[in-house]
Amino acid sequence: MIKINKYNFVTSAELMSWTNEWIKSFPTSYDLIIGLPRSGLMVASIIATKLAKPLTTPDFIIEGRVWVSKRIKKRDAFSSILMVDDSINSGSTMKKSLELLQSNCDWNITTAALLATEATKNLVDLYYKIIPQPRIFEWNIMHSKRGKHASEMDGVICENCPSGLEADEKLYVEWLKRARPYLIPSFEIDVILANRLERYRPQTEEWLKQHQVRYKELRLFKKKSKIQRQDTYVQKKIKELLQIKPSMYWESNFGQAIKIWKATKIPTICIEKMVMMCD
């Protein structure tokens, strides 16, 4: 975990590692693991798989539906149940789910959250680690916008252009039309920065429309040739980010992310290595 003044950033790899360690400290054995959709299902699935237990959600268990495998014997009754979320914030989702289950079944239910704060740790029976607010989880960055947001295009929103392809104009234009989407957030991006010449705006805008990327502004290079652009890309990003002043920026390249962070002090998430940089 990279601890910074403004945010505590937690990666998906840490979620998996911490969940596996947490399992070792469970005070009892559970017959059934219930995950709170959606992020809680990530933690619940790791627990259920590791312990070879049935897995379900609050709504599904009311309908008698559970996920099992050929090696897990299906049961009609459960005596000890673990209901888990990835983190506990207000506690409203956990409380609502617990009330739903208690109104339908007479079960012994243990509530749990992998991550809590000092203010919320008493809202569940079990927790593993205290992560203070404000915090950002890798598995939720696509759905959680923090203020004004800017992002690089290639290597973040879509795949990076294959090496050497730009040299062939025909192949490059075709790639612009058919590039594979990568990380498309569910929220509106304020500014997209693309390492593309202005003359490729039509293909870029059409691709963004085709893949339902919501954004306010698309900034491209106002250079006449790709050669003029090469030595100025990082400097251009830095200059524009200082103008835009976003609350957060997503960058694909680790080396460039370091330079951008040092020059702008804008919180920068490097998608390539999934680390966050900030004062």
Go through (1) at pLDDT 95 or above; (2) assigned to a strand (DSSP E or B); (3) among the β-branched types (V, I, T); (4) closer than 23 Å to A13 by Cα and name the single condition V156 misses.
(2)
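Of H143, H211, which residue is farther than 17 Å from T268 by Cβ and not assigned by TED's automatic domain parsing to the domain that holds T264?
H143
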When S90 is evaluated against the numbered criteria (1) in contact with a Pro (Cβ under 7 Å, 6 or more places away or on another chain); (2) assigned to a loop (DSSP other than H, G, I, E, B), which criterion, by number, is the only one it fails?
(1)
Of the residues in region 255-273, how many are closer than 17 Å to G155 by Cα and either loosely packed, with under 15 Cβ neighbours inside 10 Å or assigned by TED's automatic domain parsing to the domain that holds Y7 (or both)?
2
Residues of region 143-154 satisfying the condition of being surrounded by fewer than 21 Cβ atoms within 10 Å (Cβ to Cβ) and closer than 17 Å to V173 by Cα
D154
Among the listed residues T204, T110, T120, which satisfies the condition of being surrounded by 12 or more Cβ atoms within 10 Å (Cβ to Cβ), of a type in the set (S, T, Y) and under 25 Å from N8 (Cβ atoms)?
T120
As an exercise: evaluate S87 against (1) closer than 30 Å to E217 by Cβ; (2) surrounded by 17 or more Cβ atoms within 10 Å (Cβ to Cβ); (3) without any contact (Cβ under 8 Å) to a residue 60 or more places away in the chain; (4) in contact with a Ser or Thr (Cβ under 9 Å, 6 or more places away or on another chain) and give the number of the one condition it does not meet.
(1)
Which members of region 92-107 meet the condition of being under 30 Å from L183 (Cα atoms) and surrounded by 15 or more Cβ atoms within 10 Å (Cβ to Cβ)?
T93, M94
Could you figure out which of (1) farther than 18 Å from W139 by Cα; (2) in contact with a helix residue (DSSP H, G or I) (Cβ under 9 Å, 6 or more places away or on another chain); (3) surrounded by 20 or more Cβ atoms within 10 Å (Cβ to Cβ) isn't true of A48?
(2)
Among the candidates L218, L193, L171, L176, single out the residue that is in a helix (DSSP H, G or I), crowded, with 16+ Cβ neighbours inside 10 Å and either aliphatic (A, V, I, L, M) or not assigned by TED's automatic domain parsing to the domain that holds M248 (or both).
L176
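The values are calculated or read from the model by the stated rules, or taken from the named source; none is laboratory data. Worth saying up front: this structure is predicted, and the values here are computed from it rather than measured. Cβ atoms come from the backbone with ideal geometry, glycine included; neighbour counts cover every protein chain shown.
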